[in-house]
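Everything on this sheet refers to the single structure shown next.
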Amino acid sequence: MTIQWFPGHMLETKTLLKAAISKTDAVLEILDARLPMASANPLVSRLCKGKLMIKILNKKDLADSEHTKLWLDYFKNQTDTYAVSIEGTEKSQVWESLNYCVSKIKRNRARKIRIMVVGIPNTGKSTILNTLAGKKIAKTGNVPAITRHNQRTSLKNNIDIYDTPGILWPIIEPEKRAYILAASGAIADTAIDYNDIAFFAGNLLLKHYPDLLMQRYPFLKTLPQDAQALIEKVGTARGCLKKGGVVNIQKASQLLIRELRTGKIGRISFETPKDMEDDTKI
Ligand SMILES: Nc1nc2c(ncn2[C@@H]2O[C@H](COP(=O)(O)OP(=O)(O)OP(=O)(O)O)[C@@H](O)[C@H]2O)c(=O)[nH]1
Ligand SMILES: [Mg+2]
């Protein structure tokens with residue numbers, strides 16, 4: 001499965017970022033804590049080369065806390081890499097991460113500090129901005145591509161912060177990365193095949209989170225042997241049926257993905273630093 005989803009506003013944002021980055025003091029790269037590597041945009045890394053960047057692993061409440069610890073340790077061991085994990089609606093955590101960023105800036109006292117918030121779609125950039133502002137100034141939503149334009153907000157302590165639209169890159173490869181991004185909710189529904197994504201997610205859940213599956217879906221009784229069986233059983237039990245009682249795989253797939261994305265199945269991470277090292281060995 002190849003995913004291509006690079007609508008016009010993303011290209012515009014890329015051009016805008018290129019021009020704006022040089023005028024900012026630091027960049028908050030908002031990653032999804034469940035997929036800290038897959039959600040790191042190579043375009044953004046290239047554009048921000050040489051700029052102070054703080055990796056914010058947001059949505060930590062949805063991620064496997066053991067895996068988040070592994071990721072933070074992993075980033076700590078990289079040179080010039082700063083990373084923290086937060087929940088985007090938690091005021092103290094969000095401010096702590098911003099203050100951490102500010103503490104690393106070589107400050108020009110003649111003007112305000114400028115910080116840019118960047119990342120792929122749906123990682124919580126606007127939510128973080130609203131939390132910092134203490135009011136809803138940016139539109140948010142649990143589908144990608146909510147923000148369409150850059151937006152500047154003045155915060156206390158002489159800080160200007162810029163929210164930007166989430167951007168991806170023209171062709172998402174390798175396939176595993178495309179699946180992870182799609183399963184997390186970073187890619188528009190119109191660009192993905194739910195059945196494919198549910199198969200990928202089902203296999204991941206069966207392999208790494210069987211206990212969570214059994215808790216969420218007690219009607220399973222025993223662990224299904226593969227993703228196909230899992231989707232069918234969930235579909236049957238949850239009434240995703242076509243005429244004649246045949247399981248509607250598309251509906252069952254959507255249900256599984258929705259429950260995975262919203263944390264109903266539990267705290268799930270899609271990748272660990274070890275997976276990433278293993279992938280680069282291939
Ligand atoms: N569980 C959880 N949900 C979060 C968190 N932060 C943001 N969200 C939710 O994630 C969804 C996306 O949030 P947005 O702030 O719109 O994301 P964005 O990065 O601005 O998205 P685009 O503008 O489309 O690029 C919303 O439903 C938020 O409520 C978090 O820390 N935990
Ligand atoms: Mg936004």
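The values are calculated or read from the model by the stated rules, or taken from the named source; none is laboratory data. For clarity, every value in this text was computed on a predicted model and none was experimentally measured. All Cβ positions, glycine included, derive from the backbone under ideal geometry; neighbour counts span all protein chains shown. Remember, those area values only see protein heavy atoms, side chains included, never the ligands or the DNA or RNA. Shrake-Rupley method; radii C 1.70, N 1.55, O 1.52, S 1.80 Å.
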Here the gain from full extension of residue 149 to residue 175, 0.36 nm per residue of separation minus their alpha-carbon distance, amounts to 6.4 nm
Heavy-atom accessible area per residue of region 193-276, all protein chains kept, 1.4 Å probe, expressed in Å², is 51 Å²
Here region 8-163 gives, from Cα atoms, an Rg and Dmax in Å of 14.5, 43
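Report, in deg cm²/dmol and to the nearest 500, the calculated mean residue ellipticity at 222 nm for the chain, where each DSSP H run with n ≥ 4 adds -39500 (n - 2.57) and the sum is divided by the residue count.
-12500 deg cm²/dmol
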Taking protein heavy atoms only, a 1.4 Å probe, and rounding to whole percent, the accessible area of the chain owed to carbon and sulfur comes out at 49 percent
Taking only the alpha-carbon positions of the chain as identical scatterers, the Debye log10 I(q)/I(0) at q = 0.06, 0.15 Å⁻¹ comes out as -0.20, -1.12
Here the gain from full extension of residue 274 to residue 15, 0.36 nm per residue of separation minus their alpha-carbon distance, amounts to 89.8 nm
In Å², rounded to a whole number, the accessible area per residue of region 32-124 with probe 1.4 Å is 48 Å²
The relative contact order of region 8-163, taking Cα pairs under 8 Å that sit 6 or more residues apart, comes to a percentage of 25 percent
The simple spin-label model distance between residue 160 and residue 237, using points 7 Å out along Cα→Cβ, in nm, is 5.4 nm
Under 14 Å by backbone N from the virtual spin label 7 Å along Cα-to-Cβ at residue 215, the residues of region 60-82 are 62-66
Per DSSP, the loop-located trypsin sites (Lys or Arg not before Pro) within region 150-218 having at most 13 other beta carbons within 10 Å are 156
Here the gain from full extension of residue 222 to residue 108, 0.36 nm per residue of separation minus their alpha-carbon distance, amounts to 34.8 nm
Reduced to Cα centres, the span from region 238-267 to region 96-175 in Å works out to 33 Å
Between residue 77 and residue 100, the two model label points (7 Å from Cα along the beta-carbon direction) sit apart by a distance in nm of 1.9 nm
Loop-resident trypsin sites (Lys or Arg not before Pro) in region 7-36 with no more than 14 other Cβ atoms inside 10 Å, DSSP not H/G/I/E/B, are 23
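If I take every Cα pair under 8 Å that is 6 or more residues apart in the chain, average their sequence separation and divide by the length, what percent do I get for the relative contact order?
Values: 470 pairs, mean separation 61.8, N = 282.
In percent, rounded to a whole number, it is 22.
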